[in-house]
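**Student:** One structure, pasted below without further comment.
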Amino acid sequence: MKILAIESSCDETAAAIIEDRTKVLSNVINTQIDLHKQYGGVVPEIASRLHIENISAVVEKAIEDSGVSKDDIDAIAVTYGPGLVGALLVGVSYAKAFAYALNKPLIGVHHIKGHISANYIENPDLKPPFICLVASGGHSHIVNVKGYNDYEALAKTRDDAAGEAFDKVSRVLGFGYPGGPAIQKAAESGDPLAIHFPRVNMGSGSFDFSFSGVKTSVLNYIHNAEQKGESINKFDVAASFQEAVVDVLADHLINCAKSVGVSKIALAGGVAANVPLRNRVEQKASDEGMNFYFPRLSLCTDNAAMIGCAAFAEYEAGNISDLSLNAVPNLAL
């Protein structure tokens, strides 16, 4: 079975052809990062307009690269939430038109389920159950993946997502956008133990996240130094901030998995590309005798291959959408 998948939830216009859940025949991504860098973050209106300009060419390239014809496609999958509403609408509208024209089934896919499913592409032998940390610019979730289409959110952020905190701190330090790669690069020249920034623990058995406090602590540290006329080492600040975020993400993931008795853990989402986070989780998993999985870097950021993989589970469960499918920017897991 071959699925054409479309992803346009934020600032990447992407399309892919996936065969039998994990075989990637093509995976085309058109990123808008260079343009949004000028504004220090994603501008939703610009993102939507660029999706409109790019989506036809991206889909046609995905079909061409796959070596299959449109008639060979068995279903059309598309991200319908969560994400930026205007951006989502472009992908959803295009997918509905494409499915209608070809008279093929339409499958709406949850963006977070897509990120989790990237692990199946990278690790075809991975099977549920496992615990997955989904960390990106808009999401910080710990999810109990009980089955290919059975998810339970065990923890989430109470305020800023991890990626959002990276972006804001990077902007204040002058390292630019996107913040994750910029902070990681800057941290290589800094001391992660130079400054102690807070690690928030919600207590009462909760594994929820809160990154607003550590972000504010960084801002206060910088402002206090400026008011006193003192210089700061931006690289130490970046390294110490990254250390605080990695500490919390890794600890919560491991402890959450232990609390539910699951010995397989995984990472997903843009922040999963962070090398110190991968290394920290890998070490903790080894210490606890857990099996650890993560996707390659190109499957951590938004892409359509992961959406196509997730669509297979939806199709098998009989979750076929009709042409009333709409974008749901705050879609719950």
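The values are calculated or read from the model by the stated rules, or taken from the named source; none is laboratory data. All figures in this text were calculated on a predicted structure; none of them were measured in a lab. For neighbour counting, all protein chains shown are included, and Cβ atoms are generated from backbone atoms with ideal geometry for every residue, glycine included.
**Student:** Limited to the range 258-290, what total is found for residues that are outside any helix (DSSP H, G or I), more than 14 Å from the chain's Cα centre (by Cα) and closer than 18 Å to V134 by Cβ?
**Tutor:** Looking only at that region, the number is 4.
**Student:** I would also like to ask the following. Would the range 147-163 turn up any residue that is assigned to a strand (DSSP E or B), buried (at least 22 other Cβ atoms within 10 Å of the Cβ), at negative phi and not charged (D, E, K, R)?
**Tutor:** No: the range 147-163 contains no residue that is assigned to a strand (DSSP E or B), buried (at least 22 other Cβ atoms within 10 Å of the Cβ), at negative phi and not charged (D, E, K, R).
**Student:** So A135 fits all but one of (1) among the small types (G, A, S); (2) under 16 Å from the mean Cα position of the chain (by Cα); (3) surrounded by fewer than 20 Cβ atoms within 10 Å (Cβ to Cβ); what number is the exception?
**Tutor:** (3)
**Student:** Next up: Looking only at helices (runs of 4 or more DSSP H) that fall completely inside the range 1-117, which ones have 2 or more residues that are surrounded by 16 or more Cβ atoms within 10 Å (Cβ to Cβ), out of contact with any His (no Cβ under 7 Å at 6 or more places or on another chain) and in the same structural domain as A305 (by TED's automatic domain parsing)?
**Tutor:** Counting at least 2 such residues, we get 44-66, 85-102.
**Student:** Return a yes/no flag: does the range 225-246 have any residue that is in contact (Cβ under 8 Å) with a residue 24 or more places away in the chain, under 30 Å from K146 (Cβ atoms) and out of contact with any His (no Cβ under 7 Å at 6 or more places or on another chain).
**Tutor:** yes
**Student:** Of all residues in the range 291-329, how many are closer than 18 Å to I18 by Cα and in a strand (DSSP E or B)?
**Tutor:** Total satisfying the criteria: 0.
**Student:** Note down all Cβ pairs under 9 Å where the first residue falls in the range 4-16 and is more than 15 Å from I63 (Cβ to Cβ), the second is of a type in the set (F, W, Y), and they're at least six residues apart or on different chains.
**Tutor:** Note: pairs meeting the criteria are S8/Y94; S9/Y80.
**Student:** Filter the range 218-240 for residues that are in a helix (DSSP H, G or I) and either surrounded by fewer than 18 Cβ atoms within 10 Å (Cβ to Cβ) or not assigned by TED's automatic domain parsing to the domain that holds A162 (or both) and give the result.
**Tutor:** The answer is L219, N220, Y221, I222, H223, N224, A225, E226, Q227, K234.
**Student:** Collect the residues in the range 174-216 that are part of a helix (DSSP H, G or I), among the small types (G, A, S) and surrounded by 19 or more Cβ atoms within 10 Å (Cβ to Cβ), keeping them in residue-number order.
**Tutor:** Residues satisfying the conditions are G179, G180, A182, A186, A187.
**Student:** While we're here: Sort out which residues of the range 1-15 are closer than 14 Å to V109 by Cα and touching a helix residue (DSSP H, G or I) at 6+ places or on another chain (Cβ under 6 Å), and write them in order of number.
**Tutor:** Across the range 1-15, the qualifying residues are I3, A5, I6, E7, S8, S9, A15.
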